[in-house]
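Working notes, structure below.
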Amino acid sequence: MTKLYIDADACPVKEESVRVADRHGVATLFVSNSHMRLPSSHLVERIIVPEGPDAADDWIAERAGAGDVVITADVPLASRCVNNGAQVLSPTGKPFSEDAIGMRLAMRNLNTHLREIGEIKERGPSFTKSDRSQFLNRLETTMRLAKRISAGSA
């Protein structure tokens, strides 16, 4: 059965994710290492993991697989979930795919290095209404695909 895993820390599309998941009858698991306000739904589950580097990422990556959907902006987590067969989206609606994940990891590592040595000062573009709209459209399509995959493996 399809599940929606959300890397909840700093996720700007919590409400939108729950709306789509509710429409599809899919359990939504918000994973973080602290308590936060979440959208209300009988399908929402809060998972609070212990403090520590990558604890939430590890929890998600150990469970998400074929037929599941993961929402994260974390490229290493996305890579692990894609390798497990999950469908993975960024909060802007950009999919992480098996054939592009290597390049995205390399770009992330390069940008991290350039920020560390002071060559890049900004963090990137801010989240826009267009990003939110693209996310909603892409999540709807991705959820349908994940449910087909899940039904085929049952």
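So for the chain, what percent of the C-alpha to C-alpha distances run longer than 25 Å? Working shown, then result.
Working: 3197 of 11781 pairs.
Tail fraction, whole percent: 27.
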K121 and R37 label points (each 7 Å along its Cα→Cβ direction) are spaced in nm at 3.4
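What range in the chain is the longest one free of GluC sites (Glu not before Pro) that are in a loop by DSSP and have at most 12 other Cβ atoms within 10 angstrom? Let's see the in-between values first.
On the way: sites that count: E51, E98, E119, E122.
Between the exposed loop sites, the longest stretch runs 1-50.
Please give the length that would be gained between R148 and A27 if that part of the chain were fully extended, namely 0.36 nm times their separation in residues minus their C-alpha to C-alpha distance (nm, one decimal).
On the way: separation 121, 0.36 × 121 = 43.56 nm, distance 1.57 nm.
Net length gain for the segment: 42.0 nm.
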Simple spin-label estimate for I47 and A10 in nanometres, 7 Å along Cα-Cβ: 2.0
Report, in degrees rounded to the nearest 10, the 0 to 90 angle that the Cα long axis of helix 14-24 makes with the longest principal axis of the chain. 30
Can you give me the long-range amide H partners of V44? Hydrogens built in the peptide plane at 1.01 Å from N, cutoff under 5 Å, separation of 5 or more residues or another chain. T28
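All of the numbers you see were taken from the coordinates with simple rules; none came from a lab. Just so it is clear, the structure is predicted and the values come from calculations on it, not from any experiment. Positions of Cβ are generated from backbone atoms using ideal geometry, with glycine treated the same way; all protein chains shown enter the neighbour counts.
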